[in-house]
1. Could you pull out the residue among Ser273, Ser251 that is more than 22 Å from the chain's Cα centre (by Cα) and either of a type in the set (Ser, Thr, Tyr) or at positive phi (or both)?
2. Starting from residues that are at pLDDT 85 or above and in a loop (DSSP other than H, G, I, E, B), keep the ones in the stretch 31-58 and report whichever is surrounded by the fewest Cβ atoms within 10 Å (Cβ to Cβ).
3. Select from the stretch 348-373 the residues that are within 28 Å of Asp78 (Cβ to Cβ), exposed (fewer than 13 other Cβ atoms within 10 Å of the Cβ) and not aliphatic (A, V, I, L, M) and list them in ascending order.
4. Do we have Arg7 as closer than 30 Å to Pro154 by Cβ, surrounded by fewer than 19 Cβ atoms within 10 Å (Cβ to Cβ) and of a type in the set (D, E, K, R) here?
5. From the list Leu337, Leu288, which residue is assigned to a helix (DSSP H, G or I), more than 30 Å from Ala10 (Cα to Cα) and touching a strand residue (DSSP E or B) at 6+ places or on another chain (Cβ under 7 Å)?
6. Taking the stretch 161-176 as the search range and keeping residues that are outside any helix (DSSP H, G or I) and out of contact with any Leu (no Cβ under 9 Å at 6 or more places or on another chain), which one is farthest from Trp196 (Cα to Cα)?
7. Any residue in the stretch 194-217 that's assigned to a helix (DSSP H, G or I): show its pairings with residues that are of a type in the set (D, E, K, R) and buried (at least 21 other Cβ atoms within 10 Å of the Cβ) at Cβ separation under 7 Å, as long as the two are six or more apart or on different chains.
8. Please state which one of Tyr239, Tyr267 is under 24 Å from Ile373 (Cβ atoms) and part of a helix (DSSP H, G or I).
Amino acid sequence: MLHRTPRLTAADHHVLHEILAMRRDLLDATQRAPAKEILGLRRHLTASAIAASNAIEGYEVDARDVADLMDDAQEKVDVTEANRAETVAYQQAMTYIQSLHGAPDFAYSKGLLNALHWMLQGHHHPQKPAGQWRRGPIFITAAGDPHATEYEGPHEDEVPGLMGELVDWLNTGDLDADPLVRAAMAHFNLVKIHPWADGNGRMSRSLQTLLISRDGVLAPEFSSIEAWLGMPGHTWDYYKVLREVGGPVYSPQRDAAPWVRFNLRAYHEQTQSVQHRVDRSNGCWIQLDEQRVALDVSERQLTALHEVAMAGRVRRSRYEKAEGISEQQAQRDMQHLMRRELLTPVGNTKGRYYVPGAGYPREVLATAAARHIIRDPYDGAA
């Protein structure tokens, strides 16, 4: 038996309606923006999601370093080998999930889920078996007390049957429910079954992103809530609602409504954040383009200047790949931007990156740094 999808309240429906409206606006904004700008935004959002999901599990890598590793797993980035391995594994899984956005003849299966788990956890095998159901009990330890059990998953003998039930539901269950609600319930059911020896949290968040991807309204990077969940206060709330709704043992008869409400808030607030970033990004791009002649830069070089405004830094290798140019041409472009005092180098050789120089337009940096307020959609809701 799985946790059932709850009925939405009037307040839930109102929040969901606002989310769908914002997603339509985002779709329109991304279709009107320059393709290079949107590719950069998608890269940033993917990097933020990977960094946040790994941070929940104790692997700390700055989102900008994640973006560098996404471009080249061997990039000279100051991270531990353990953090590098976790980042590269998650990026591999996310790339595959994103590729399923419009894949024809698609179906969920136990094999697909175990394959995704191998992508995420295979580098730990065989010390922590990957790509196969656990063969023993699973306990979640309470924070601060290694002898206290916060949650005990179902018996290992029940896992194959429960996963079969979950796969059936993924393919045919609750198809009349909103896709975002189904994605939240897929996350909750998988994390409560806890079918693997390790990596269940990341797999559950990845499955939620996969369902969002299959929804097809927006590229999954724009709707995934992994970055939101990775914020410190939200991570605490995430564990709290999982504990309170799921109970101390596998209890599928419990009401999952608070979990769905938590996710609707997350979707809403993450969409607000993404919309604000799109607005800042568009503003920076327009300002740079308007000043292109005065700055004495090519249209191509705007890509480097835009990234340094939005991310705080840019690497030559990233710029080279984004523009599809040779290493020599990318180096000449960077040298030109340095001569114009638009960029300043930091570090040497492969580890070098560039930050805004003394001549970089201050108003563009101000647009990139503009603050915003995120509102809780349930404040004042009935």
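The values are calculated or read from the model by the stated rules, or taken from the named source; none is laboratory data. If you're wondering where the values come from, they're calculated on a predicted model, not measured in any experiment. FYI the Cβ positions are ideal-geometry reconstructions off the backbone, even for glycines, and counts take in every protein chain you see.
1. Selected residue: Ser251, the only one of Ser273, Ser251 that is more than 22 Å from the chain's Cα centre (by Cα) and either of a type in the set (Ser, Thr, Tyr) or at positive phi (or both).
2. Checked the stretch 31-58; the qualifying residue surrounded by the fewest Cβ atoms within 10 Å (Cβ to Cβ) is Gly58.
3. Asn348, Thr349
4. Numbers: closer than 30 Å to Pro154 by Cβ: yes; surrounded by fewer than 19 Cβ atoms within 10 Å (Cβ to Cβ): yes; of a type in the set (D, E, K, R): yes.
It is true that Arg7 is closer than 30 Å to Pro154 by Cβ, surrounded by fewer than 19 Cβ atoms within 10 Å (Cβ to Cβ) and of a type in the set (D, E, K, R).
5. Working: Leu288 fails: touching a strand residue (DSSP E or B) at 6+ places or on another chain (Cβ under 7 Å).
Being assigned to a helix (DSSP H, G or I), more than 30 Å from Ala10 (Cα to Cα) and touching a strand residue (DSSP E or B) at 6+ places or on another chain (Cβ under 7 Å) holds for just one of Leu337, Leu288, which is Leu337.
6. The residue in question is Asp176.
7. If the second residue must be of a type in the set (D, E, K, R) and buried (at least 21 other Cβ atoms within 10 Å of the Cβ), the pairs left are Arg205/Glu226; Thr209/Glu226; Leu211/Arg182.
8. Numbers: Tyr239 fails: under 24 Å from Ile373 (Cβ atoms).
Every option except Tyr267 fails the conditions.
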